[in-house]
Amino acid sequence: MSATDVLLWVILPYVSLAIFVIGHYWRYRYDKFGWTTRSTELYEQRLLRWGSPLFHFGILFVLLGHIAGLGIPKSWTEAVGISETGYHALAVITGAIAGFCTLAGLAILIYRRRTVGPVFSATTKNDKFMYVVLTATILLGLSNTVLGVLGHEGADYRDTVSPWFRSIFYFRPQPELMAEAGLGFQLHALSALLLFAIWPFTRLVHVFSAPLGYFTRPYIVYRSRSAQLGNRRAPRGWEQERVGGGRR
Amino acid sequence: MRVMAQMGMVMNLDKCIGCHTCSVTCKQAWTNRSGVEYVWFNNVETRPGQGYPRTYEDQEKWKGGWEVGRGGRLRLRTGSRLKRLLTIFSNPVQPSIADYYEPWTYDYDTLLNAPVQEHTPVAQPRSLLTDKPMKVEWSANWDDNLGGAPELTADDPVLKKVSAQVKQQFEQTYMFYLPRICEHCINPSCAASCPSGAIYKRAEDGIVLVDQDRCRGWRMCMTGCPYKKIYYNHRTGKAEKCTFCFPRVEVGIPTVCSETCVGRLRYIGIVLYDADRVLEAASTPDDQDLYEAQRSILLDPNDPEVIRAATAAGIRRDWIDAAQRSPIYALINRYEVALPLHPEYRTMPMVWYIPPLSPVVDALTETGHDGEDAGNIFGAIEALRIPVEYLAGLFTAGDTARVTGVLRKLGAMRSYLRDLNLGRPADESIATAVGMTGRDLQDLHRLLAIAKYDERYVIPPAHAEQGPEQEELDVGCSLDYDEGPGMGGWGPFGETSGGVTPIAVENFHMLAGRQLSDTPAAPPTKDERVNLLNWDGKGAPEGMFPPRPEDSAALHGRPDGGGEPPDSPAVTDPKP
């Protein structure tokens, strides 16, 4: 186990995850106003109608696949009687379908972003950088799946990548496992770590706004007027006192 | 009975001359920022016409508002909650920028910097979205004053429902204006559509607002609102809407659109309603009964039981007083001359309209008849089904009898009052013919024709006990002014990031002081930007006009020439 391995598979993951967690906390505290999908549907709808659902539903299935592949130990699936080949076939087929949907959607979206004038004007440098990292991660991941189908990269990621990934969260990292994994998996993991590190500072934060609360809340939301009148925030120590009962 | 107070507006369409002053001042106060160039919280449509955005009233296409589903249950036209979330990645029925219009500016620089040349330089239109030259093909009121009729008016969704023969006559004969703001509905479908729960209705006054910190830009509200009065700020990625000028209303002054209305056709007041019966009223099976249903949930503010319930619900005495003096309650429920816009959307809108009688009177006068004679006018309203049918499509879900009833009242008022003005004996039979008394007609006339500022706008100020932070005392950071170093500019994610500065018109004492003082509005310390949000109608806001030559020594032109030394503050508010 070399120093490089420790750097890549211990230090980098923790740095990346720390930025991911703290970054989101900070961004939410500091920048609720900037926390949005920044949708461009207002500008263009024809391409978006295909590209966006393809990409988003695709990547949701990819996420499910990752949760299954990285989160569930091999021993568990074997315990319930899923054979190695069966699991592999299932993972590769669903993974490839979801991955290609994602890629197709992404291609449409990037084409749209480049060719539709207003959408291109609304693209920031931040967006462009994020697109590069996101696309690289998806391409690397998909190529691993494809190579898996073709029989290359013999090593089963469920013996290397997955235990390593889980070991990060047990705080007993096992970099040697990742060092054994194929180059494709290593590159995919590295670009994913970079993606996690920039995540809180890009528009990707909207992932964490998935409006699941919509199912349980009442249709009409009532809220009281904020207690503050006036055009500046109350300075510290001058916050309004609650006087009596009456109207809130 | 659960009593809630609701701020509302009534517009008297007879008085609207289509000058767009409300739209312009509203834009100046609220949407003169980038990202909302195409947005008009207040717009004035010519009817018949397609409206803004185009054909927004066609709910078969746009799926706005509520409908009664199977089993009589009220549901959003866009379907279930799950269906909306499944279409969240690409909203199938969201208006695109082409349905509003592509905002543009002109290349003024060419005019200023063109070299000496044979032909006059031309300022080309340039898109505000792409900065490229563009062809201007549509705008918020492209069909203003029937421009482009009859080709464009043929697509008017309300006109489409009226019979063909009527259509043609209408195009030749009638036209009126329809100013529109957010309806601040009692049962807002935009709020119900919002996945994030960012759109809320204020419990105190019923104003519907978007929490900019919670909005995530899912855009379901744009589809949900049948009036298409929620707009997407394409720079910040957040929804924005008419705020009913809440910072002004909170201190007891009317909205900017009302304040600046040339025809003085807007009335603002509060009504009390029974929140427990909203769902039942909105679920009324027959569209044409919705007007009555909505009226029935409005409570009589003079009823002792209502007063008791309102007090129990925490509504203060001055708010109940205001509800009793409310001009909109009088127009809606006492005289029954105001009608809701498209009650069939089932959102219980709270901006109501007095339908225009003028087209009828004008048509009558043109034919050589006496347009204000009671007999003539009653006959004409019946005979000229044309505007009535169209108006019914707008205000009563097609119930023409209801519109005829209102027009007859307005006609009766004109005839009755004309007799009085000409010194003839009052003809009580005119009043009886429309189920009113002469006294009623005179009161209605007073409210519609001569009501002063404080009768048209009965707005109780919000209750927040005054604390030091509400005064413009120098307790804040001295560098904390617009563009000042204390503001720190925008955050690292561009202009859309960082905290929001709360919006407000000054504080109550300052405002009261200014309203009672003789000096004009603009405080000399404010920035150069013309801020109509702070304007109370006195004097000209700073920066609106360049200084006159004779005043230039005095730095700031003051129309009333107050005779004060130039650098003394114009505002002489009594600081507590």
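The figures follow:
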{"quantity": "FRET E, pair B:D321, B:K83, Förster distance 56 Å, beta-carbon r, rounded to 0.05", "calculated": "0.75"}
{"quantity": "Residue (of B:M222, B:C261, B:F176) at the positive-pole extreme of the stretch B:164-273, dipole from beta-carbon charges", "calculated": "B:M222"}
{"quantity": "Cβ-Cβ FRET estimate between A:D156 and A:R46, R0 fixed at 41 Å, reported to 0.05", "calculated": "0.45"}
{"quantity": "Pairs beyond 23 Å (Cα-Cα), from A:K128/B:K238; A:K32/B:K228; B:K15/B:K452; B:K135/B:K161; B:K132/B:K229", "calculated": "A:K32/B:K228; B:K135/B:K161; B:K132/B:K229"}
{"quantity": "J(HN,Hα) series, the stretch B:408-418, from Karplus relation 6.51 cos²θ - 1.76 cosθ + 1.60, nearest Hz, glycine and proline x", "calculated": "5, 4, 5, x, 4, 4, 4, 5, 4, 6, 5"}
{"quantity": "Two-site FRET efficiency, B:Y106 against B:R264, from Cβ-Cβ distance with R₀ of 41 Å, rounded to 0.05", "calculated": "0.75"}
{"quantity": "Pairwise label distance in nanometres, B:D276 with A:L17, each label 7 Å out on the Cα-Cβ vector", "calculated": "5.4 nm"}
{"quantity": "Sequence-distant residues sharing a close amide H with B:R47 (under 5 Å, placed H)", "calculated": "B:F176, B:Y177, B:L178"}
{"quantity": "Solvent-accessible area buried by A and B, counting both chains, probe 1.4 angstrom, square angstrom", "calculated": "6700 Å²"}
{"quantity": "For the stretch A:3-216: relative contact order, % (alpha-carbon pairs under 8 angstrom, 6 or more apart)", "calculated": "37 percent"}
{"quantity": "Residue-wise HN-Hα coupling along the stretch B:224-239, computed from phi with Karplus coefficients 6.51, -1.76, 1.60 (Hz; x: Gly, Pro)", "calculated": "x, 6, x, 8, 6, 10, 10, 10, 9, 7, 7, 8, 8, x, 10, 7"}
{"quantity": "Rounded, prolate or oblate (a/c below 1.5 giving rounded, otherwise prolate when a/b exceeds b/c) for the stretch B:382-452 by Cα gyration tensor", "calculated": "prolate"}
{"quantity": "Shape call, the stretch B:173-317: gyration tensor on alpha carbons, a/c limit 1.5", "calculated": "rounded"}
{"quantity": "B:E240 long-range amide H proximity, modeled H, under 5 Å", "calculated": "B:Y231, B:Y232, B:N233"}
{"quantity": "Farthest toward positive dipole pole in the stretch B:231-378 [+1 Lys/Arg, -1 Asp/Glu at C-beta], among B:T367, B:V306, B:Q294", "calculated": "B:V306"}
{"quantity": "Global form of the stretch A:3-216, assessed from the alpha-carbon gyration tensor, a/c cut-off 1.5", "calculated": "prolate"}
{"quantity": "Inter-probe distance in nm under a simple model that places probes 7 Å from Cα toward Cβ, at B:A401 and B:S429", "calculated": "2.5 nm"}
{"quantity": "For the stretch B:22-123, accessible area per residue (1.4 Å probe, heavy atoms of protein chains only), Å²", "calculated": "45 Å²"}
{"quantity": "Computed magnitude of the charge dipole of the stretch A:3-216 (debye, nearest 20; Cβ of K, R +1, Cβ of D, E -1)", "calculated": "1040 debye"}
{"quantity": "Protein accessible area in the stretch A:3-216, 1.4 Å probe - carbon and sulfur %", "calculated": "75 percent"}
{"quantity": "Distance in nm between pseudo-label sites at B:T311 and A:V149 (7 Å out along the Cβ direction from Cα)", "calculated": "7.7 nm"}
{"quantity": "The stretch A:208-217 - phi-based ³J(HN,Hα) in whole Hz, Karplus 6.51/-1.76/1.60, Gly and Pro as x", "calculated": "7, 9, 3, x, 6, x, 4, 5, 10, 7"}
{"quantity": "The stretch B:268-315 and the stretch A:54-72: distance between their alpha carbon centers, rounded to Å", "calculated": "50 Å"}
{"quantity": "Amide H within-cut-off set for B:W104, under 5 Å, with H built and near neighbours excluded", "calculated": "B:L128"}
{"quantity": "Accessible area expressed per residue, the stretch A:50-144, with surrounding protein chains retained (probe 1.4 Å, Å²)", "calculated": "53 Å²"}
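The values are calculated or read from the model by the stated rules, or taken from the named source; none is laboratory data. Being a predicted model, the structure only gives us computed values, none of them experimental. Reconstructed Cβ throughout: ideal geometry from the backbone, glycine too, with neighbour counts over all protein chains shown. In case anyone asks, the SASA skips ligands and DNA or RNA and just uses the protein heavy atoms, side chains included. Shrake-Rupley method; radii C 1.70, N 1.55, O 1.52, S 1.80 Å.
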